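The values are calculated or read from the model by the stated rules, or taken from the named source; none is laboratory data. Bear in mind that the values here come from a model prediction, so they are computed numbers and not experimental data. So basically every Cβ, Gly included, is an ideal-geometry build from the backbone, and we count neighbours across all protein chains shown. Side chains included, ligands, DNA and RNA excluded: accessible areas come from the protein's heavy atoms. Shrake-Rupley method; radii C 1.70, N 1.55, O 1.52, S 1.80 Å.
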Amino acid sequence: MVSAVDRIVVVGASLAGWSAANALRGEGFTGRLTLIGDEACEPYDRPPLSKAVLSGRLGADQLWLPRVDGDVEWLLGTAATGLDVRAREVVLADGRRVGFDRLLVATGTRARPWPNPAERGLAGVRELRDRDDAARLR
């Protein structure tokens, strides 16, 4: 499988990236594993943001996913903005470059704004994408 690979980089530190990292460790990958995410925090469960957090049943700080087994390098709070295929490096927004043997892009999606600009600007219309959004709305 990936036993001869020294370093796997996962771009996307949300549920998909977290799941991939867990699967790699579960399949016996013992090499260097790096997760890159633009949010400053480790992965958390998003569906409860619009249900349990907004109702007050859970706090936004209670949604963390379990830690990935083994040693994992977390590069959080800086987006991946480019890919240098020849150099086998991911380019980060802050200028750092992260080398890889294998790369998995698991960036998910973004909240889409309401399509009608006039309606989007109405009082009370908000986007709910992350923990900070949920905390502000709560």
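Of note:
- Single unsatisfied condition, Leu128 versus (1) open to solvent by less than 90 Å² (accessible area, probe 1.4 Å); (2) modelled with pLDDT of 80 or more: (2)
- Per the conditions (1) over 22 Å from Ala134 (Cβ atoms); (2) in a helix (DSSP H, G or I), the sole criterion not satisfied by Gly17 is (1).
- When we screen Ser50, Ser55 for residues that are over 21 Å from Val10 (Cβ atoms), of a type outside the set (Asp, Glu) and touching a helix residue (DSSP H, G or I) at 6+ places or on another chain (Cβ under 8 Å), the only hit is Ser50.
- Residue match in the range 105-118 (condition: in a loop (DSSP other than H, G, I, E, B), of a type in the set (Gly, Ala, Ser) and more than 23 Å from Pro47 (Cβ to Cβ)): no
- Counted as qualifying within the range 41-101 are the strands (runs of 3 or more DSSP E) with 3 or more residues that are open to solvent by less than 40 Å² (accessible area, probe 1.4 Å), namely 89-92.
- In the range 4-13, residue modelled with the lowest pLDDT [restricted to those that are part of a loop (DSSP other than H, G, I, E, B) and farther than 12 Å from Val68 by Cα]: Ala4
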